[in-house]
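The values are calculated or read from the model by the stated rules, or taken from the named source; none is laboratory data. Worth saying up front: this structure is predicted, and the values here are computed from it rather than measured. Please note: Cβ atoms are built from the backbone with ideal geometry, for glycine as well, and neighbour counts cover all protein chains shown.
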Amino acid sequence: MAEVTEKLNSNPEILLKKRKNADRLRLEKQEQAKKRSDEQKRRKLEKRKAKFIRAETLVAKHRSTEREQYRIKRISDNEKNKIIHDEVNESDEKLQFIVRIPGPHGAKVPSKAKKVLGLLRLEHVYDGTFIKANSAVKPLLRLINPYIVIGSPSLSTVRNLIQKRANVEITQQDGSKKIIPLNDNNLIEEALGHENILCTEDLIHEIITVGTNFKSCIKFLHPFKLNPPVHGWGPLSKLKRLELREGKPTINYASNAQLSEVDIDQFIQEQI
């Protein structure tokens with residue numbers, strides 16, 4: 001029996017029409033999704049404006065902001081007057097990881113604290129970054145103490161952060177910048193190959209040992225985006241953070257200003 005072969009419809013005109021219709025439907029769906037998103041934002045903004053705010057809430061926010069401004073002024077005056085009880089050895093440099101957390105409820109971030117957060121690239125809540133802790137950095141950390149959680153990470157935590165949450169910023173051909181996950185050693189070799197850092201393990205080793213190229217490695221990595229903690233930021237969360245400080249060193253720069261470290265490995269275990 002002769003086999004009957006049915007020819008495929010390869011009319012270029014029909015294929016072009018199908019592609020054109022598919023592109024048109026895709027653009028229409030994108031426009032509709034954008035309109036829905038804009039409408040939701042507009043409704044939320046109107047609802048927020050129409051929300052009744054009690055006078056007690058405004059007073060509480062104002063007092064909280066005043067307390068923050070007074071705290072910044074007190075710490076700045078102590079630094080100017082050199083009121084430092086425990087001096088830190090300049091050669092004592094170690095790796096630490098900082099996570100930005102919500103500050104005092106209702107308080108506006110003072111300008112000095114906002115500037116320090118910007119220098120550390122902690123622009124948003126749940127951002128994290130590595131720093132080299134020394135005598136020059138720790139006085140600045142006191143200014144942002146209510147807005148951060150700090151501790152010394154272990155090797156496993158550094159490896160998990162880089163392997164699971166590391167992002168880098170690349171420049172595309174059109175000149176625009178894009179943030180992509182660090183899932184290719186070629187990205188590391190192109191950016192840090194002249195410093196003999198060729199792969200992820202080299203990057204991890206340079207960070208955990210706080211090597212000579214530590215600054216270049218941190219600049220290469222985009223700030224880590226962590227998940228919000230499962231237990232939230234209520235009173236129980238504050239109690240849990242206080243429990244994480246047990247057994248950790250406390251640096252007393254002044255009798256009324258402390259910088260306490262926490263068990264950062266346990267703190268970010270559920271946020272990676």
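Looking for something farther than 30 Å from Lys73 by Cβ and basic (Lys, Arg) - is there at least one such residue anywhere in the stretch 137-153? No, there is no match, as no residue in the stretch 137-153 is farther than 30 Å from Lys73 by Cβ and basic (Lys, Arg). Looking at the stretch 41-48, is at least one residue exposed (fewer than 10 other Cβ atoms within 10 Å of the Cβ), modelled with pLDDT of 75 or more and under 28 Å from Lys108 (Cβ atoms)? For the stretch 41-48, residues exposed (fewer than 10 other Cβ atoms within 10 Å of the Cβ), modelled with pLDDT of 75 or more and under 28 Å from Lys108 (Cβ atoms): present. Here the helices (runs of 4 or more DSSP H) wholly within the stretch 115-203 that include at least 3 residues being surrounded by fewer than 16 Cβ atoms within 10 Å (Cβ to Cβ) are 155-165, 185-192.
Checked across the stretch 99-122, the condition of being under 26 Å from Gly211 (Cα atoms) and in contact with a His (Cβ under 9 Å, 6 or more places away or on another chain) holds for at least one residue.
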